[in-house]
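Trainee: Have a look at this one.
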Amino acid sequence: MEQDGSDVDLSDDDLDPLTAEQCRTKLLLLLEERKRKNRLEERLVLKMRNLNDQLAEKRDQVEGLQRTLETEQAKVENEVRTRRAERQKRLSEMDVRIRQYLTEVLFRSKQQPKALANKEGGAEQDQQLAKPASAGGSSANLSMILVSYFKPGTSERCDLRYRVNETTSVRQLRYDSCKYWQLDGDEFVVRTSVGSKVQGDMMVHEIFKDGEIAQVFLLPRIMNNTVVSEAEKKSILPKTGKLGRKSASLEEGAMLAGIGATGEQELRKCGGGSLMVKIAELKPSEYLARIRFRDILVYLLLALMWAWLWLSNQRWPGQSFAIVEDMARVLVHDDFYQINSTAQALVWWQRSYSRFLSPPFTQYNLPFGFLRLRQQKVQYTTCPSPILSLGEALLAGRNCTDDSAPETSGMLSEGLYAYWNHVDSHGRIKGGNYGRGPTPPYMYTSDGKLYTLQGSSGESFDSSGYLVDYNLMEDAPLVATSIEQDILAFHQNNWLDARTRLITWSVTVYNPHYDLFLSLDYILETPPGGQALARIQVMPFRPNNRETDQENMEAATFHIRLLCALYVLFSVIPMEVAARERVYKAGGKYLITLMGIADQMIVLTTFVAYFWQLVLFGQDATVDVMRDGKTQFQHFAQDAERYRVAFEVDGLLVIFLMVRLSRYLAISRRIYLLWKALDRLARRFFYLMAVNVMLLIFWTFLGNTLFGRMYNDEHWHSIRISLISVFRLYRGDGRFLWMPDLRQSLQRDTSFYVAASCYAVCFYGSLVLLLQKTFVALAIESFALIKLSYDPRSQANWNRERIFRWVLPDLVYNMGATLVERLEQKLSQDKT
């Protein structure tokens, strides 16, 4: 136990009895203790560092709060001190200004005290912008002027305070100002506040008069300017003696200077005509501000979308044909219009049914489903007794019809019933059931499968009647045999007689070359008068417009048109209403103007066409729509009518779109003035035309009452003849009124000529002299408006910068201008 050293004292007091092994053990223990103390020291140092950081953060926070507290405590004192200083400054400036005014009033000194150099703020700028009176026109104290620039097409004014000295020229002022606003210095001129143009080689301090506001305007240069301002005309008037200017009018001075009469002077000579141009209307510059480039693009896009839709349905020359006209020639529609009776109707059908079953009709077209032959009858009734006593023998053996009572009996003909249901010795129905529909022709039927048809007389006919169907999709020879036998049976059993009022043939045809279905309806009215009225209704249609790739591309154009219509609704119309409010204070009136109605109709027709084409004709597939037509008769006239209405809506869209695009031609000043003059002239013309029509009606009825009824004159005995007589008087032919033949002269009373003279004088005074002269005066007035208002000079310089400003939005233009300017600066630096 003693050898391993486990019981040895390891204290520092007694080291002699320790062995080498015990010393090594003690050394390791001491090293371990030192490491532990070092780790403890590191942790303590880290903790102290964190505490110091937190303390510094707290100290900064406390110092910030103390500074905030001190600032808030001194805020009131600082505000009081600032107000006191500002008040003292204003009082001192007011004292200086009062002393200057008193000096001028008391001593009438020509030398104005110089502005205080150590003064700042608005008072110093007012002294610098207002040129004081000085002797000899010198203005040594003029150190700043105000340069104003109006943005094109707007009333927004931009101001620039420009410092000048005695050596500053007008040319330098113009170029510096144009550079500040990024304008071309050669395209602008400088004018004073009184309208006088100044030359570029003049000094700035020499262009103002004594006491004149030191303000100039930067205006576009007009190369062929012929208008002289009032200030320029006054400055060039001749002077006489010490009194200076001659006491002559500006017009006389202008004539002496060789200028000639101006447009304003011409307007003064027109009296009330000068008020025409003072009506509250848009100026051409303000009107141009309403013409936005993006609006033109939207309307052009609408027009291009319609043009693409129209061209996509067209064929190249040599591949296209008129499907409706060609079908009319093949089926010989002209023969149908020559039918005069019900008997001829069956004869026409006997000659024409084969055309529906044989080439060339079936070579290029496919009869789809059933053909329906239908008639409507009325009942017989007792003939009324004759009004004249001609005897009852006149009505013997005659049957009269009651057109207000349609025939709805269950059995029309026993013989036709026997034919239709008789079976011959070969076990085959005698009438032939090949291709025949289930409905017998002797039974009154109202199945609702035939839509209402309208005849030539305008009367509408429902789907009821006596009818028979034939399936044209079965074997053509067998169907032809059935039709031929049925026609003979109809003749023998008088299926069509004097009671028949309507005969129709309805069939649906498919043309694979154009991928179109056609609804054909032959309508023959036989009124009791005896004259048959024929009408053929052929309407193409497609049950679905979103099945092929081309139709899907056409559907995409409808989506684009819808977006354009939304832009017109939420951008163009509000802009036009707001622009009208700025001028007329009644923006809602834009909606009843021609352009407002055009915008509303464009939006409405686009919405209707979108939902009509893509919703109504885009739900059910063609196979599903046409499936029932293979097993029974199906009438598609209503679908064809809807298809036709969709194209009519597109036609209305194009009409209003062209009206709207015509407005943008007014971007030319000449067209704008013509547009406004024609608008004013058209409204007055329509009013006078209405007055003219009312007067014509009045003089027609007055002539008929006065001469036709009182004097029994043959030229006025009816309203129609009286209207012709009025037109003869209007043309200047009055011989029939004053110079009749000898027989009429003997019959007429003297009072007739007195009445005729008064009538003619009043007629010519009201119609010929008043209205015709008024029409001429309105035309001359509009011409004078154009002549006096039209200025042949260019109102705006359409340079590259102005074009870009008009085409691009403000944000895009400003970004592009900044990039171009930086690029130019970089290129200039690279060159230097």
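The values are calculated or read from the model by the stated rules, or taken from the named source; none is laboratory data. None of these values were measured; they are calculated from a predicted model. Here Cβ is always computed from backbone atoms with ideal geometry, including for glycine, and neighbour counts include all displayed protein chains.
Trainee: One residue is enough: does region 59-71 have a residue meeting the conditions assigned to a loop (DSSP other than H, G, I, E, B) and at pLDDT below 85?
Mentor: no
Trainee: Can I ask one more? Among the residues of region 438-462, write down those that are closer than 22 Å to D639 by Cα and either surrounded by 20 or more Cβ atoms within 10 Å (Cβ to Cβ) or touching an Asp or Glu at 6+ places or on another chain (Cβ under 7 Å) (or both).
Mentor: L450, T452, L453, G455, S456, listed by residue number.
Trainee: Can you spot a residue in region 730-753 that is crowded, with 16+ Cβ neighbours inside 10 Å, in contact (Cβ under 8 Å) with a residue 24 or more places away in the chain, in contact with a Leu (Cβ under 8 Å, 6 or more places away or on another chain) and not assigned by TED's automatic domain parsing to the domain that holds F611?
Mentor: Yes: region 730-753 contains one or more residues that are crowded, with 16+ Cβ neighbours inside 10 Å, in contact (Cβ under 8 Å) with a residue 24 or more places away in the chain, in contact with a Leu (Cβ under 8 Å, 6 or more places away or on another chain) and not assigned by TED's automatic domain parsing to the domain that holds F611.
Trainee: Residue under question is N544, and the condition is that it be at pLDDT below 85, farther than 30 Å from I296 by Cα and touching a helix residue (DSSP H, G or I) at 6+ places or on another chain (Cβ under 6 Å); does it hold?
Mentor: yes
Trainee: When only residues in region 361-378 that are over 21 Å from L450 (Cα atoms) and out of contact with any helix residue (DSSP H, G or I) (no Cβ under 6 Å at 6 or more places or on another chain) count, which is surrounded by the fewest Cβ atoms within 10 Å (Cβ to Cβ)?
Mentor: Taking the candidates together, the pick is Q363.
Trainee: Given the residues T605, T593, which is the only one that is outside the structural domain of S464 (by TED's automatic domain parsing), surrounded by 14 or more Cβ atoms within 10 Å (Cβ to Cβ) and at pLDDT 80 or above?
Mentor: Result of the check over T605, T593: T605.
Trainee: I'm told W505 meets every condition in (1) assigned by TED's automatic domain parsing to the domain that holds D462; (2) touching a residue at least 24 places away in the same chain (Cβ under 8 Å); (3) surrounded by fewer than 17 Cβ atoms within 10 Å (Cβ to Cβ) except one. Can you identify the failing condition by its number?
Mentor: Result: W505 fails condition (3) only.
Trainee: Could you look through region 325-336, keep only residues that are surrounded by 13 or more Cβ atoms within 10 Å (Cβ to Cβ) and in a helix (DSSP H, G or I), and pick out the one that is modelled with the highest pLDDT?
Mentor: That would be F336.
Trainee: Answer yes if at least one residue in region 687-705 is out of contact with any Phe, Trp or Tyr (no Cβ under 8 Å at 6 or more places or on another chain), modelled with pLDDT under 80 and either more than 30 Å from I780 (Cα to Cα) or not assigned by TED's automatic domain parsing to the domain that holds G765 (or both), and no otherwise.
Mentor: no
Trainee: Pairs only if they're at least six apart or on different chains, beta carbon under 6 angstrom, first in region 298-317 and free of Cβ contacts under 8 Å to residues at least 12 places away in the same chain, second acidic (D, E); list them, first residue then second.
Mentor: none
Trainee: Would you mind finding the one in L661, L563 that is over 27 Å from R542 (Cβ atoms) and not aromatic (F, W, Y)? Write out each step before concluding.
Mentor: Working: L563 fails: over 27 Å from R542 (Cβ atoms).
Sole residue among the options that is over 27 Å from R542 (Cβ atoms) and not aromatic (F, W, Y): L661.
Trainee: I'm trying to understand the selection: among the residues of region 337-355, which are under 22 Å from S456 (Cα atoms) and part of a helix (DSSP H, G or I)? So that I can check it myself, show each step before the final result.
Mentor: The initial filter retains those residues of region 337-355 that are under 22 Å from S456 (Cα atoms), namely 337-349, 352.
T342, A343, Q344, A345, L346, V347, W348, W349, S352, listed by residue number.
Trainee: Which residue out of E551, E581, E576 is at pLDDT below 85, of a type in the set (D, E, K, R) and in contact with a helix residue (DSSP H, G or I) (Cβ under 6 Å, 6 or more places away or on another chain)?
Mentor: Testing whether each residue is at pLDDT below 85, of a type in the set (D, E, K, R) and in contact with a helix residue (DSSP H, G or I) (Cβ under 6 Å, 6 or more places away or on another chain) leaves just E581.
Trainee: Counting only residues that are in a helix (DSSP H, G or I), of a type in the set (A, V, I, L, M, F, W, C) and touching a strand residue (DSSP E or B) at 6+ places or on another chain (Cβ under 6 Å), which one in region 627-667 is surrounded by the most Cβ atoms within 10 Å (Cβ to Cβ)?
Mentor: A640
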